[in-house]
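The structure appears below as structure tokens.
Every number in this text was worked out from the coordinates using simple rules, so none of it is lab data. Since the structure is predicted, the reported quantities are computational estimates derived from the model, not experimental observations. Cβ placement follows ideal geometry from the backbone for every residue including glycine, while neighbour counts extend to all protein chains displayed.
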């Protein structure tokens with residue numbers, strides 16, 4: 001069992017959740033049940049799966065949950081590309097949030113590599 005609260009990737013994922021909730025408040029109300037909902041669920045899934053995996057009894061199980069968290073991060077990344085394409089966010093906003101997502105993806109990959 002791992003102490004997920006001490007993992008930097010979990011901590012940064014929580015910050016990303018907060019950022020995404022703030023950003024999605026600014027999306028058109030017509031997207032409330034579309035992109036907004038999907039972005040929030042996928043983003044919350046990242047730290048949630050890291051925590052759930054950390055609570056498992058084996059590194060193999062933990063790695064599986066890290067894979068799920070990473071998959072969610074790619075979903076979030078794609079949804080922000082769509083927001084950019086639809087002119088819902090600026091290029092600067094996209095660059096800022098995307099750099100945070102990419103950092104989390106690298107951290108998940110690094111943590112998973114250390115687990116093996």
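Annotations for the structure displayed:
- Among (1) in contact (Cβ under 8 Å) with a residue 40 or more places away in the chain; (2) in a helix (DSSP H, G or I); (3) surrounded by fewer than 17 Cβ atoms within 10 Å (Cβ to Cβ) - the single one residue 56 does not satisfy: (2)
- Put simply, of 67, 96, 92, 61 the only residue that is part of a helix (DSSP H, G or I), surrounded by fewer than 16 Cβ atoms within 10 Å (Cβ to Cβ) and in contact with a helix residue (DSSP H, G or I) (Cβ under 7 Å, 6 or more places away or on another chain) is 61.
- Residue match in the stretch 23-45 (condition: closer than 23 Å to residue 114 by Cα and either in a helix (DSSP H, G or I) or in contact (Cβ under 8 Å) with a residue 40 or more places away in the chain (or both)): yes
- Enumeration of residues in the stretch 1-22 that are under 25 Å from residue 114 (Cα atoms), touching a residue at least 60 places away in the same chain (Cβ under 8 Å), under 11 Å from the mean Cα position of the chain (by Cα) and surrounded by 14 or more Cβ atoms within 10 Å (Cβ to Cβ): 9, 12, 13, 16
- Test: residue in the stretch 75-87 that is over 11 Å from the mean Cα position of the chain (by Cα), loosely packed, with under 13 Cβ neighbours inside 10 Å, without any contact (Cβ under 8 Å) to a residue 40 or more places away in the chain and within 18 Å of residue 5 (Cα to Cα): no
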